Amino acid sequence: MKIERAGDRNTIDRRIARTRGLLQDALIALIPERGYAAITVDDICQRANVGRSTFYTHYADKDALRSATIEAHLRSIGRRREAASQETGSRLFEFSLPMFEHAHAFRPLHHALLASSGDTIHDELRERIRRAVREELVEKGIGDRGMPAEFVIQFIAGAFLAVLTWWVVTDMDLSPAQADELFQRMAGKGISAWDMPWSDGRGA
C-alpha cells in the first residue's frame, strides 16, 4: 500500500515526487520488517532501487526521510479528514475516523510503530497525533470544567492512542467505522460533562 500523494505533484517536479515517493515507500516497507533503528540508508536505497547519491540529493539523512514520510502520511490523513468533515459536518471529533482508516490501510506499518517503543519515529508519530487532537479541541472550544486544557488534551489523545494501538495490534474484527463509532461514543460521554471555558493552566 502506498501513501496517497495526490496533492504533492502539483507543487514539485514529477520526477522529484516519484523519487521521493519511492524512498518513502521503501522506508514504510522496511519498518515492519526491521524496525526503524536498524534500517540503513543502503537498505532504503536497495529497496527503492536508487543510488546513494540520489538519496542524498533529496534527503540529508535517514531522519530527514522519516520526517518527510510522516508529513506525507499526515497530508493523506488530512485529506481524509477534510472529506469526512464535509460528509458528516457535526461529528464530535473529525480526526479519529481518518486515522482509523489510515491505520487499516497501512496496518503492518502502524503495527510496527504502535506495538513497540524506543524508535524515534514511533514517538514522533504519537506526538503528531497529540498535536492533531490539541488543534481540534482548541478549534471546537470544548470546555473542561476548570481543568487545565492540556490535561483534557492528554486525556483524549491518550485514550485514542490506547484504543488505536489495541485495535491495530490485536487485529480486532472491527471496521474503521465501527472502531470510530465506539471511540466517539466513549469520548462523547466524557466530553459532555465538560461545559466550562478552557482554563489556561495557571489556576484562578
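Tabulated data for the structure shown
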item: Cβ crowding within 10 Å averaged over residues, with 93-100, 20-27, 182-189 ranked highest first; result: 93-100, 20-27, 182-189
item: Rounded to whole Hz, the Karplus (6.51, -1.76, 1.60) HN-Hα couplings of the range 149-166, x for glycine and proline; result: 4, 5, 4, 5, 4, 5, 5, 5, 4, x, 5, 5, 4, 5, 5, 4, 4, 4
item: Residues Leu113, Leu161, Leu137 arranged by fewest to most Cβ contacts within 10 Å; result: Leu161, Leu137, Leu113
item: Amide H partners (placed H, <5 Å) of Tyr59, local residues excluded; result: none
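Where a number appears in this text, it was derived from the coordinates with a stated rule and is not lab data. As the structure is a computational prediction, the values presented were derived from the model and not from experiment. When we count neighbours, we look across all protein chains shown, and the Cβ atoms used for this are built from the backbone with ideal geometry, even at glycine.
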